[in-house]
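Here the structure is laid out as structure tokens; the discussion comes afterwards.
The values are calculated or read from the model by the stated rules, or taken from the named source; none is laboratory data. Nothing here was measured: the structure is a model prediction, and the numbers come from that model. When we count neighbours, we look across all protein chains shown, and the Cβ atoms used for this are built from the backbone with ideal geometry, even at glycine. All accessible areas refer to the heavy atoms of the entire protein, side chains included, with ligands and DNA or RNA removed. Shrake-Rupley method; radii C 1.70, N 1.55, O 1.52, S 1.80 Å.
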Amino acid sequence: MASTTSATAAAGAFAAKTRAGSAAGGACARVAAGGRRRSGVVRCDAGVEAQAQAVAKAASVAALEQFKISADRYMKERSSIAVIGLSVHTAPVEMREKLAVAEELWPRAISELTSLNHIEEAAVLSTCNRMEIYVVALSWNRGIREVVDWMSKKSGIPASELREHLFMLRDSDATRHLFEVSAGLDSLVLGEGQILAQVKQVVRSGQNSGGLGKNIDRMFKDAITAGKRVRCETNISSGAVSVSSAAVELALMKLPKSECLSARMLLIGAGKMGKLVVKHLIAKGCKKVVVVNRSVERVDAIREEMKDIEIVYRPLTEMYEAAAEADVVFTSTASETPLFTKEHAEALPAISDAMGGVRLFVDISVPRNVSACVSEVGHARVYNVDDLKEVVEANKEDRLRKAMEAQTIITQELKRFEAWRDSLETVPTIKKLRSYADRIRASELEKCLQKIGEDALTKKMRRSIEELSTGIVNKLLHGPLQHLRCDGSDSRTLDETLENMHALNRMFSLDTEKAIIEQKIKAKVEKSQN
């Protein structure tokens, strides 16, 4: 592991020296364009430029040779899939909102993460309940440290404080976690449907920006498959299946039972989450809701779709007047600053004793739309996404049974993904072995044809000889290549397959592992120069 330090240093030296060479070439070009300087003659002819390029090339080769020395030990650590993050289970909303990454900024975050020295691939899953970073790391320890430092820099939270709330999982544990997240098993509300849509959006965003690597892309796609199967093959989606539905259940739970359906409901924000709030209010029997939104178009669209409830539109300028007339206020906007503070709540009129004498603010936004200090007002209570745990605990036994059914499906999908990833281990050896055999075949074939003489062969005879040589090589390679394939279709274990791979590497001096690491470092250096 210590060898990674020298490897990284070599890559850094390579990048620095190459940039120096490029800078020298750029200076030459500028002087050539300007001709002579007044104070002395400064010319940059082809010889000087060639010399600068030779120096840069020598520096590049030297850096790569230095890296090769440490590559043997470095490659023994297989690239790891890792997840570093925090969720509603590990961190308070105050910390999660500082780390939240808006969807439109996901590509930029991926670009920044993959520019780190030990990170090959990356994806960001940022929702109101979690902020998780999935990476493929060249080195587990160094990669994790770089990601944590990136999170600290982005949020302004010291790394030491972050570590108290972060969870870190590796390889199969990281993959299983993502599959469980996609299936809704890690959500506050079991089987939550919104998280599957958010996992899908990670893939769509990555495809549009070209940011996801092959491992992360395949893992997220398999996670979507697992999530779909869990919802189709179990009864996990029955009952409250989203943050919005849990928010409605929490509000009705806090109201007097005899008055809950007659309570005056106000929704601020008519986006996806707000629309779901209206849907679940209908499901609970509510007949009227006031919706405050910046524009009327979205409210009209909801009204057109949902005929079973009276929807009254109020513009954003009338938000506080509407709140004064409401018993329950749901907030679901993208505002980065609170819409309601303690002063706003104090200015609102009291609630009737029939409704419990308390105005309920149910805030399902991250960042929060309602300040926590609003609860200090005697006739107001604030509930945010963290408080939805109370709703989730309602039917624990049933949830555990469904989760066990879901785990069986997740284990099946996990085995499929791991078999696919394991098969990647032997791909470079398969390619190099075939290339090695084809070079020998081509060389020996050329010698044979020269001995026979071009004039002595017809086109048909030449083609037959070429087909004969190709057929012999294919038949000889068939057995070794079969023992390198590990796709889960046979009973061979991964360890046995890898033993075969290492044996072939030694017998034919293929040296694939060092070639792979050199290729990765070259890619890193080239990216750092762009």
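Once you have the Kirkwood Rh of the stretch 80-233 from its Cα pairs, apply Stokes-Einstein at 10 °C and 1.306 mPa s and quote D in µm²/s.
104 µm²/s
Starting from the Cα gyration tensor of the stretch 74-132, take the square roots of the eigenvalues, sort them a ≥ b ≥ c, and report rounded, prolate or oblate (rounded when a/c is under 1.5, otherwise prolate if a/b is larger than b/c, else oblate).
Since a/c reaches 1.5 but b/c is at least a/b, the shape of the stretch 74-132 is classed as oblate.
Highest first, please rank the peptides 431-438, 272-279, 377-384 by the mean number of other Cβ atoms sitting within 10 Å of their residues.
By packing density, highest mean first, the sequence is 272-279, 377-384, 431-438.
Once you have the Cα-Cα distance between Ser509 and Lys154, take 0.36 nm times their residue separation minus that, and quote the gain in nm to one decimal.
Gain on extension, Ser509 to Lys154, equals 123.2 nm.
Need the full-extension length gain, Thr317 to Arg204, defined as separation in residues times 0.36 nm minus the C-alpha distance. One decimal, nm.
Result: 37.1 nm gained on full extension.
Can you pick out the pairs among Lys98/Lys275; Lys415/Lys475; Lys284/Lys415 whose Cα atoms lie more than 29 Å from each other?
Cα-Cα > 29 Å for Lys415/Lys475; Lys284/Lys415; rest within.
Based on Cα positions only, what radius of gyration and what Dmax would you give for the stretch 120-183, in angstroms?
11.9, 32
Assigning unit charges at the beta carbon (Lys, Arg +1; Asp, Glu -1) and nothing else, what dipole magnitude in debye, to the nearest 20, does the stretch 172-310 show about its Cα centre?
Rounded to the nearest 20 debye, it is 180 debye.
Suppose every Lys and Arg Cβ carries +1 and every Asp and Glu Cβ carries -1, with no other charges. What dipole size does the stretch 243-387 come out with about its Cα centre, to the nearest 20 debye?
Using only the charged Cβ atoms, the result is roughly 360 debye.
How long are the three semi-axes of the equivalent ellipsoid for the stretch 243-387, computed from the Cα gyration tensor as the root of 5 times each eigenvalue, in whole Å, largest first?
Square roots of five times the eigenvalues give 21, 18, 14 Å.
Please work out how much length the chain gains when fully extended from Glu164 to Lys475, using 0.36 nm per residue of separation minus the C-alpha to C-alpha distance, in nm with one decimal.
Extra length from Glu164 to Lys475 when fully extended: 106.2 nm.
Would you list Lys98, Lys402 from the most to the least accessible area, probe 1.4 Å?
Largest to smallest exposure gives the sequence Lys98, Lys402.
Compute from the Cα atoms of the stretch 329-474 the Rg and the Dmax, the latter being the longest Cα-Cα distance, and quote both in angstrom.
Final numbers for Rg and Dmax: 36.9, 109 Å.
Quickly work out the Lys284-to-Leu445 label distance, labels modelled 7 Å from Cα along the C-beta direction, and quote it in nm with one decimal.
Simple spin-label model gives 7.4 nm for this pair.
How much accessible area per residue does the stretch 142-232 have, in Å², with a 1.4 Å probe?
For the stretch 142-232, the per-residue accessible area is 40 Å².
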